[in-house]
Amino acid sequence: MYYQKRIKDLCPSNIQCKDEDCNLLHPRCYAGVCILHLQNKEANCDGTLLDLSNKEFKRCFQQQKINGVFAFNLCKKQNKCEDKQNCRFLHRKWAEGVCIVDIIDECSNKEECKLKHVSWEEIKKDAYAKFNIHNMNPELIEDNGNHKVPDYMCLEYLRGLCQFQTSCSKIHVDWECLKNTSYADIRDTRRKSCLFDQSTSIMVSSEKFTRSDIADAYFEKIYTNQIKKMVQKAQVIDVLFILDITGSMQRWLTSAKSNIHNIIEEFQTQIDKKKNIIRTAIVAYRDFGDDENLLYREFTSDPKIIFEFLKQLQAKGGGDDPEDVIGALEKGFRLNISKDEESVLCTFLICDNPCHGPYHENLQDHHFDKVQEGDLENIMQKYFQLKKNNFFTCYKITDATDLMFKKMQIAFPTLKITASTPDDFKQQVLFSLQQSLQQSETKTSQTKKTIRIRAKFLKSKPFDMNNSLLIENNIDYWKNFKKQQEDNSVQGETLLIINNNQEILPAKDRGSLCQIFKLFDVVLNRNLVLKLPNFIVQSYEQNKELSQKDIELYSMFIKKRYTSLLIAQQLADSFRQKTQSIQGVPPIFYVSPIIYELEKPFMGVTQIFAETYIDLPNFCEWKKYTNNTKYADKDEYYYTAFSHYSYTATLGSLIITDLQGKNYILSDPCIHTMDEKIREMLDDETDFKENGVHLFFQQQHRYCHRICKELNLKPFQDNQELPSNSNDIDDINKSISWSCDDVVYVICQVCGEFQDLKYVDYLKQHSCICNNCLEDKEPIQLTCVCCRKQYKCFYNQVVKVGIIPEKCDQCKSKCVKGNLQCIYCGCYCESRVNYKKFGNDQIPICNEGVRFLNALKCQKCGQLYNYEAYIMPNDYKDSTYVCINCKQPQ
């Protein structure tokens, strides 16, 4: 009985097996037992598991069970166990406060032991009284159907005997969870065939809320009518959950894990995905001194990422009563919130205790001095001023948060406070989001004429400053540049919001070749400028069709603009790295270029070039430091040192001129080439080739600056060295005079965000990495969509540059469509698909397909499938199987 004859087939990890491809046996009745010892593979266990012989184990199985659980299955710590998620024993409500040691053997310290010492019979009587359902319990349920448990529930699991861990054809649920619970709310754990999306199939489809009268009433309870009007204009809807995950929040964390994924998925089915995007972020917090006291996931439009993050969270920590609420609010404020002025931000704070400091009444507070009066109000005022379409909801769980919520409401007047329980959490959030969208259709902003277009983008992620391909004595700059361009290429899909009206710029800011349009990239969360050549705009306005020559010229325009900016970016990064510690050197950055393929034309074209909008304060004026021939601003002559550096760093292949932009953030470079391969690639009419290089050194940069000498840049010609007794030496070596408190504008080299720094901070080693990216010191675990295994990734960083991480590095390089593919689902993952013998045939099938077939039973006799014959795809899809014996005529 109880798999005694199949000990060798038991999985040593039993209930904690994390291998989805494991085809061994996982009966729950072996919880807490050292399987390896039973299998004679280990003489002794490490002491955490029960070290039983086969004889002793048979004796244990003769004991009575309670709701399918033996006494030896129970964890001795029960509710005091700090790692329930990974514990090999079981935890049950009816066993809390009971001395399990005394039940199994005998407690040797009864006098000092604070737990109850009662018999197994007494515990059973109490458990049956509390958890009997329809006067039944697992020990009384019979296979003949004389019970009220639905057919899709696994009776063998309720008894603790089911051999399957995650591949059972019926739902696994503990008996105690059925008490006072609707069967429809039980999580669906049934194994799915490989035709299902495994990452989301364990989630039960949430019910549809269609009663508009109920929704309206509930909606009014949570929000004002104003939110409806604001969502009407929304392009992006950001949903931010700030969640307390200390020990007392276990029920709420369980509810969040069960519901947030469903909330977002259902809401996404209601929106017009061509007009709106919903993004979700999570900030989970504990308290000062706790391990992992602040965890988060950046805004993402992929619910699976949020679901993966929630699965890893555990409710633990929190010594005194208050928690680090302010730290969580500050982290949420620094996330990649949409910069689209018409977007909506909905923030939900879920906590049962207030923050430290003067924001609670008579609670035990070990960190009272860390929070000052006004700290909470200051961060809430920042939230309130962040955007016009801004909604903040606090969920009241206990009275302890009353004072904190009241003071938050003073700084954020429209903040709503809602009394809630884990049971109605899903409905409250879903109604507040869903009904706001159902009440209105998305409309174009009344203040600006914009259009929305789906697009695919091509861009380059920021260069790795510690692994630059721009090395000393590089004999082939162009070859290495092309490799770096290929390695850093990022592609994806997005939604663009383009302003139909051309930007009216001051005369000194206007270019002579292009018209400028502003656009917003929803996925990248960037304001950009779209540059269209004059002949494209004129043709569109005159309703003229583009000639083949025009199309070729436009295609070349995009290619050379994109490549020129990437070259300038790389050289600026290298220059900045080498000069960051030199006093008076400008921190030069170049904007990022992007190419878009549009779903529908804009101004008659379906491909456009855009670059980052230099979004700096109004007092930062556009300046031209040099041009592409002779001019150089004498007052800012030091900029020419960068051009000189570009020539030396590429071993004379090219030189960058025409330096222009705002406060060291530059755009529109002109490149004079000496290398024929680069010249052919750029094919730019502003490239004056060798003549352009000579003009620079003879007119713009006639004498080397002090910066050139500190970088050991060789003079282009002998007369570039200015005599030491020259009267012009002070003017030539003039540099920027910065004080420690002066502000420098920089671009984060990880996520591409603009930030302002004090000059003294810029000189530090990591100054060009923003605080959010610096906080991501450790990568997170994600599940590869290909091999389904976990891999490490700096998700919060890469998502900001448009990379949606889906596959691990191994699958990216090895798994190619067209190789070995599963006969049923078409999966081509190298680590998941193998040949399996079906009768006399070898057929490729994925691991999920094998697991599915291992649990498939004959519809007539109930015999497990044994691969005696190949199951046709249609039968596989319908889970239809009749064994050979039952097919034969009787």
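Please treat every number below as a calculation from the coordinates, not as lab data. This is a predicted model, so every value here is computed, not measured. Note: ideal-geometry Cβ built from the backbone for every residue, glycine included; neighbour counts use all protein chains shown.
Note the full-extension length gain between residue 710 and residue 878 as 0.36 nm times their separation in residues minus their Cα-Cα distance, in nm to one decimal.
Taking residue 710 through residue 878 to full extension adds about 53.1 nm, to one decimal.
If you rank 59, 702 by fewest surrounding Cβ atoms within 10 Å, what's the result?
In increasing order of surrounding Cβ atoms, one gets 59, 702.
Once R0 is set to 22 Å, what does the formula 1/(1 + (r/R0)^6) return for the Cβ-Cβ distance between residue 55 and residue 126, expressed as a FRET efficiency to the nearest 0.05?
E between residue 55 and residue 126, to the nearest 0.05, is 0.10.
By the scheme Lys and Arg +1, Asp and Glu -1, what is the net charge of all other residues having a beta-carbon under 10 Å from that of residue 527?
Around residue 527, the charge tally is -1.
Please list 389-396, 841-848 highest first by mean number of surrounding beta-carbon atoms within 10 Å per residue.
Ranked by mean Cβ neighbours within 10 Å, highest first: 389-396, 841-848.
Going by amide H atoms built from the backbone, whose H comes under 5 Å of the H on residue 344, apart from near neighbours?
Those lying under 5 Å, H to H, from residue 344 are 235, 236, 237, 238.
Taking 0.36 nm per intervening residue step and subtracting the Cα-Cα distance, what contour gain separates residue 859 from residue 761 on full extension?
Answer, rounded to one decimal: 28.1 nm.
Report the label-to-label distance for residue 136 and residue 402 in nanometres (one decimal), using points 7 Å from each Cα along the Cα→Cβ vector.
Reported label-point gap for residue 136 and residue 402 is 4.6 nm.
On a full-extension model of 0.36 nm per residue, what is the gain between residue 414 and residue 119, subtracting their alpha-carbon distance, rounded to one decimal in nm?
That pair, residue 414 and residue 119, stretches by 100.5 nm at full extension.
Name the GluC sites (Glu not before Pro) in the stretch 333-380 that are in a loop by DSSP and that have at most 12 other C-beta atoms within 10 Å, would you?
361, 373
Expressed as a whole percent, how much of the Cα-Cα distance distribution for the stretch 833-887 exceeds 15 Å?
44
Just the Cα atoms of the stretch 450-732, one point each, no solvent: what log10 I(q)/I(0) does Debye give at q = 0.06, 0.08, 0.12, 0.16 Å⁻¹?
-0.20, -0.35, -0.79, -1.35
Once the Cβ-Cβ distance between residue 334 and residue 151 is put in as r, and R0 is 45 Å, what FRET efficiency do you end up with, to the nearest 0.05?
0.30
Taking a label point 7 Å from the Cα of residue 785 along the Cα→Cβ vector, which residues of the stretch 300-315 have an amide N closer than 15 Å to it?
Label zone hits: 300-308.
Filter the chymotrypsin sites (Phe, Trp or Tyr not before Pro) in the stretch 82-170 to those in DSSP coil with at most 16 other Cβ atoms within 10 Å of their Cβ, and list the result.
152
Given R₀ = 22 Å, what would the calculated FRET efficiency be for residue 362 paired with residue 288, taking r from the Cβ atoms and rounding to 0.05?
0.65
At 7 Å along Cα-to-Cβ for each site, give me the label-to-label distance between residue 866 and residue 82 in nm.
The modelled label-to-label distance comes out at 5.1 nm.
I'd like the Karplus ³J(HN,Hα) series for the stretch 836-843: coefficients 6.51, -1.76, 1.60, θ = phi - 60°, whole numbers in Hz, and an x wherever there's a Gly or Pro.
Running phi through 6.51 cos²θ - 1.76 cosθ + 1.60 with θ = phi - 60° gives 10, 7, 10, x, 9, 10, 9, 10 Hz.
Rg and Dmax of the stretch 579-675 over Cα atoms: what are they, in angstrom?
16.1, 50
May I ask for the net charge around residue 176, where only other residues with Cβ less than 12 Å from the Cβ of residue 176 are counted and Lys, Arg are +1 while Asp, Glu are -1?
With Lys, Arg at +1 and Asp, Glu at -1, the neighbours total +2.
Within 10 Å, count the other beta carbons around each residue, average over each peptide in 109-119, 673-683, and list them highest first.
673-683, 109-119
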